[in-house]
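Reviewing the structure listed below.
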């Protein structure tokens, strides 16, 4: 019984660790998520380094920091740390749709905020009106950028330097009806702007999705990333998302093993070797050794009682095994 418990525990650990190792993150905008809603392709293709906000002060000029789809609120201190990074020559790219970044925008005293209403376009779109195709001009290059459930930028400041607009046919779907109704605001709307702050610059885009795996290679989205990163070292702020429970477990597991071993491959290999030993030992004791012992006992019985039928004895032994 004890062997069964040990064997079951070891096998469970192997299956659990292997599952965590091969099943990826599923959280929105996770850099470890290779599914449609993750940023794994963007991070991999552009060699993007993950960074928490409190480490931005270690960055120098010649860097660009992306803030994509934040879901956690910003504190005053975080806002000031980001502002300090930009003022000292950094480039910040904010990509958000329904307004979490507005707190940061206010702290940094930027010129435009995220409206929060859904942008629709029945003509210039990809597959559905919620995926509008917008025009963005970055560094003198006009791009067709594919948005995905985006919003628009509003401002009372005449100094807003809008670098991107939706089409004349676009509108704000205020009640999420999926179609234009009388009274809905009509385009074109500002959907991206830039603002110089100190020695640095901030770009604000009213959609968080252009660089997710399913959108990165649509239209000029990949080209937009290339232009924004060109000549700079890219970073991605990674501590402003809420993640699901599986991702918390996965991250904690990787962090635990990274503290004791350089790679999770090693503990998996170690547990596999241990399991192989236990399984092999079990097979040897319960099958090979047991069978050899039975054969030896049969030979002893036949030696004492040569007149007994060997086939009958073997059958009786098998019946006894079934009843054990």
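Condition test on residue 196, is it assigned to a strand (DSSP E or B), out of contact with any strand residue (DSSP E or B) (no Cβ under 7 Å at 6 or more places or on another chain) and either free of Cβ contacts under 8 Å to residues at least 24 places away in the same chain or closer than 15 Å to residue 124 by Cβ (or both)?
For residue 196, the condition - assigned to a strand (DSSP E or B), out of contact with any strand residue (DSSP E or B) (no Cβ under 7 Å at 6 or more places or on another chain) and either free of Cβ contacts under 8 Å to residues at least 24 places away in the same chain or closer than 15 Å to residue 124 by Cβ (or both) - is met.
Can you name the residue in segment 146-159 that is in a loop (DSSP other than H, G, I, E, B) and free of Cβ contacts under 8 Å to residues at least 60 places away in the same chain and, of all such residues, is surrounded by the most Cβ atoms within 10 Å (Cβ to Cβ)?
Top of the filtered list is 150.
Go through segment 73-89 and give me each residue that's part of a helix (DSSP H, G or I) and more than 26 Å from residue 189 (Cβ to Cβ).
Correct list: 76, 77, 78, 80, 81, 83, 84, 85, 87.
Only residues that are touching a strand residue (DSSP E or B) at 6+ places or on another chain (Cβ under 9 Å) and part of a loop (DSSP other than H, G, I, E, B): list them for segment 160-177, please.
Of everything in segment 160-177, those that are touching a strand residue (DSSP E or B) at 6+ places or on another chain (Cβ under 9 Å) and part of a loop (DSSP other than H, G, I, E, B) turn out to be 160, 166, 167, 168, 169, 170, 174, 176.
Quick check: anything in segment 24-40 assigned to a helix (DSSP H, G or I), touching a helix residue (DSSP H, G or I) at 6+ places or on another chain (Cβ under 8 Å) and either at pLDDT below 90 or over 27 Å from residue 131 (Cα atoms) (or both)?
no
Going by what's in this entry, would residue 55 be described as within 26 Å of residue 230 (Cβ to Cβ) and not in a loop (DSSP other than H, G, I, E, B)?
yes
Does residue 70 meet the test of being assigned to a loop (DSSP other than H, G, I, E, B), within 29 Å of the chain's Cα centre (by Cα) and farther than 16 Å from residue 190 by Cβ?
Spelling it out, residue 70 is indeed assigned to a loop (DSSP other than H, G, I, E, B), within 29 Å of the chain's Cα centre (by Cα) and farther than 16 Å from residue 190 by Cβ.
Could you say whether any residue in segment 178-191 is out of contact with any strand residue (DSSP E or B) (no Cβ under 6 Å at 6 or more places or on another chain), under 30 Å from residue 232 (Cβ atoms) and either surrounded by fewer than 22 Cβ atoms within 10 Å (Cβ to Cβ) or at pLDDT 95 or above (or both)?
Yes - at least one qualifying residue is present in segment 178-191.
Scan segment 195-218 residue by residue and report those that are under 16 Å from residue 112 (Cα atoms) and surrounded by fewer than 19 Cβ atoms within 10 Å (Cβ to Cβ).
The answer is 196, 197, 201.
Given the conditions (1) in contact with a helix residue (DSSP H, G or I) (Cβ under 6 Å, 6 or more places away or on another chain); (2) under 19 Å from residue 207 (Cβ atoms), and given that residue 66 satisfies all but one, which numbered condition is not satisfied?
Status for residue 66: all satisfied but (1).
Would you call residue 92 crowded, with 22+ Cβ neighbours inside 10 Å, part of a helix (DSSP H, G or I) and either at pLDDT 95 or above or touching a helix residue (DSSP H, G or I) at 6+ places or on another chain (Cβ under 7 Å) (or both)?
Considered against the rule, which asks whether it is crowded, with 22+ Cβ neighbours inside 10 Å, part of a helix (DSSP H, G or I) and either at pLDDT 95 or above or touching a helix residue (DSSP H, G or I) at 6+ places or on another chain (Cβ under 7 Å) (or both), residue 92 comes out as no.
Just to verify a result, which residue in segment 114-139, among those that are surrounded by fewer than 18 Cβ atoms within 10 Å (Cβ to Cβ) and part of a strand (DSSP E or B), is farthest from the chain's Cα centre (by Cα)?
Per the stated criteria, the residue is 137.
The values are calculated or read from the model by the stated rules, or taken from the named source; none is laboratory data. Nothing here was measured: the structure is a model prediction, and the numbers come from that model. Positions of Cβ are backbone-derived with ideal geometry, glycine not excepted, and every protein chain shown enters the neighbour counts.
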